[in-house]
1. Would you tally the residues in the stretch 288-343 being within 28 Å of the chain's Cα centre (by Cα) and of a type in the set (A, V, I, L, M, F, W, C)?
2. Any residue at all in the stretch 87-102 that is in contact (Cβ under 8 Å) with a residue 24 or more places away in the chain and buried (at least 18 other Cβ atoms within 10 Å of the Cβ)?
3. Quick one: which helices (runs of 4 or more DSSP H) lie wholly within the stretch 136-249 and hold at least 2 residues that are among the aliphatic types (A, V, I, L, M) and open to solvent by 20 Å² or more (accessible area, probe 1.4 Å)?
4. Pairs needed: first member in the stretch 671-682, among the polar types (S, T, N, Q); second member anywhere, part of a strand (DSSP E or B) and surrounded by 10 or more Cβ atoms within 10 Å (Cβ to Cβ); C-beta distance under 6 Å; at least 6 residues apart or different chains.
5. Return yes when residue 469 is open to solvent by 30 Å² or more (accessible area, probe 1.4 Å), of a type in the set (Gly, Ala, Ser) and without any contact (Cβ under 8 Å) to a residue 24 or more places away in the chain and no when it is not.
6. On the given criteria, is residue 437 touching a helix residue (DSSP H, G or I) at 6+ places or on another chain (Cβ under 8 Å) and not hydroxyl-bearing (Ser, Thr, Tyr)?
7. Output the residue which, of all residues in the stretch 632-682 that are of a type in the set (D, E, K, R) and over 27 Å from the mean Cα position of the chain (by Cα), is least open to solvent (accessible area, probe 1.4 Å).
8. Filter the stretch 130-143 down to the residues that are among the β-branched types (Val, Ile, Thr) and touching a helix residue (DSSP H, G or I) at 6+ places or on another chain (Cβ under 8 Å), then identify the one that is nearest to residue 113 (Cα to Cα).
Amino acid sequence: MDDPNPNGRVPFFSREERDAFGNPNIAPPFCDGSLFHGTNGFYSNASNNGPYCGSYNMLSEGTLLNGQKQANFYGKADYQLNDNTDLYADLLYNLTKIQYLTGGYYSVFWEPGFGMPGYVYDLDAQKLVTGFHIFAPEEVSNLANSTQVNHAYVFNVGVKGSFGNSNWNYDAYFHRSQYQTNQRLLRPLTNLVNAWFTGPQDGTDPYGYGYPAYHLEQNGHFWGTTTPAQFRAFSDYVTSDSETYSQQGAITITNTDLFSLPAGSVGFAGQLVRGNQYWNNPVDPRLVAGDFWGLTGTSGGGKRGFESGAVEFDVPIFKMLTADVAGRYDRYMPDGGSSEGKFTWKAGLEFRPISTLLLRANYATAFRAPDMSYVFNNGSSSFNNGVVDVYNCRRLYGNDLANCLAPYNSVNNVIVKASGNRNLQYITAKSWGYGVVWSPTQNITLKSDYYHVKIANEVSNYSLGAILSHEADCRLGVTVQGNPVDINSPSCQQFISQVVRAPVNSPVPGILQGATTVPINISRESVSGIQASGNYRWSWGRFGDFALGLDYAVQTSHLYQQFPGDTPTDLLRTNSYGNQFKNIGNASLNWNIGKWSTTVLYQRFGKTFSANGKFTVGPWMLYNASVQYHVTPDITASLIGNNIFNARPPYDASFTSYPYFDQFSYNPYGRLVMVELNVHLH
């Protein structure tokens, strides 16, 4: 009912049988009014192409935030071996249990297409159809809910101290962090759930396509109600256990007085590191085999070693000017992949002409190793619906895809398979910036900095749309713009090999079935902006102490180029979904008096483009507040409120799909109130 378009305020479908040739829906023989807490009913709406069963309340069956229970433990030990040597160890352990409530529109559902063709012939309706059956809460109870248990720990042990009475200090340590996830969910088995909803096959369609024919109405399960016991009977549990860790041994050596210059002492820091990383994400083999309806899996695993060495110098050039110079070499050695090393460096200058004013500038190079899932992915799949078969559409109906007709204009259950690339290179970057810090008095500090970051070799997969467009160009020998394309070129042969099409003996020969893709280093990105802040502190005697803080950030440029040869996209001015805030600001006021402390925070997120890109959406303003009372020096009670005025995301008249706002920019959580008690035990 929040849809800005009144014509869109219609119930979501719970049961719908759609004509394959675009004619009006097949009228339901009945709708079970007891489902979705008594809100399920018969509806007919032109925007939904005819009659169906549905409910206005379907969306409210799911949660916006997942249920979570968490326990943490932290322990630290120190032992002074002698005047120059300390032994230490610390451990942080976290246990989290998350429950995902699955209900309503986001519930499990069934439709033709998995383990069977995407269309079936309904002998009762005498139509070639596809259909949707969304399980109501009364049908699945809490059986479809997913449970995830996460175990994580960070462990450090080391020795630190100084070499005799010298200025040389050291810190040698071993670090290990590990994360393990165990997930369990109940989902329908493909063969059993297909048989449940279709019943036995009775021939094929009369049009000669070869689609299977069923008595969907006589069988009764598609339009009818499934009990939780029946749902459990055609389902089974999918379990997923994944693990990742990173461990390293390192030694750091520092000296704050390496040698003296006229302006002061030169400082030094050096470090050597060696370690490895591990990622393991096994997959239930039944997922790979397609035994679970509508589910695929991501599998992979691998280990890579790494080593690095770094040095840094703090050099007082003269009294008002200090330089910070550093260099670092890193090398990653993935198992079964190519080893690659990279040297990076940075340089910074700080100039203080007077004691209250600081000018600073920096330049640096950087790198980032590709995510291990990109490198060691053994295979993952996703299902895509409503995909345009570009090649067949252009072949049969011309270059204007809007003229394309069924079944090529909207192909369901297109499987996109992805795998890893063990030869991915480092993601590299260059950055520079400059700024100023001014403190005219002890109580006032003002800062402003400009930054620019330029990233190369970003990892990206060719999207399904890009693959299909290139494949069509290659097969037809010409682009939509009329430019010739050589089908025998290596790139064309690559794109053609990535597309999977139905064999000649299938119901629709040559129709799109799937595609494969692999990550490669092809994207570039640059971002620049200004960050400014100000702080003012003052005291009013018996009325307490106050602190005012102001922060403002504005992006001046953000360009992204996904593929070589593409025109860079201006992400600050594009009207695509997921556009970002150009500016964000906040102001805070803190008041401390006696045992009380109060903070008020105002946040302002700037304008964004509307969904249709024709206008801008107003700013989003939030107010948070907290009150603390120090009961004793060791006991503190807090009352915390986020979004205390319950501000909703700004209205966008063109955003006519649920949830009617950009989920990448806004959230629907509303007001959140928390009570917290901290007790310090000696």
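1. The qualifying residues number 7.
2. Taking every residue of the stretch 87-102 in turn, at least one turns out to be in contact (Cβ under 8 Å) with a residue 24 or more places away in the chain and buried (at least 18 other Cβ atoms within 10 Å of the Cβ).
3. Correct list: 190-198, 228-233.
4. Every condition considered, the pairs that remain are 678/636.
5. no
6. Taking the combined requirement at face value, the residue does not satisfy it.
7. The qualifying residue least open to solvent (accessible area, probe 1.4 Å) is 634.
8. Selected residue: 134.
The values are calculated or read from the model by the stated rules, or taken from the named source; none is laboratory data. As the structure is a computational prediction, the values presented were derived from the model and not from experiment. Positions of Cβ are backbone-derived with ideal geometry, glycine not excepted, and every protein chain shown enters the neighbour counts. The area values use the complete protein model at the heavy-atom level, side chains included, leaving out ligands, DNA and RNA. Shrake-Rupley method; radii C 1.70, N 1.55, O 1.52, S 1.80 Å.
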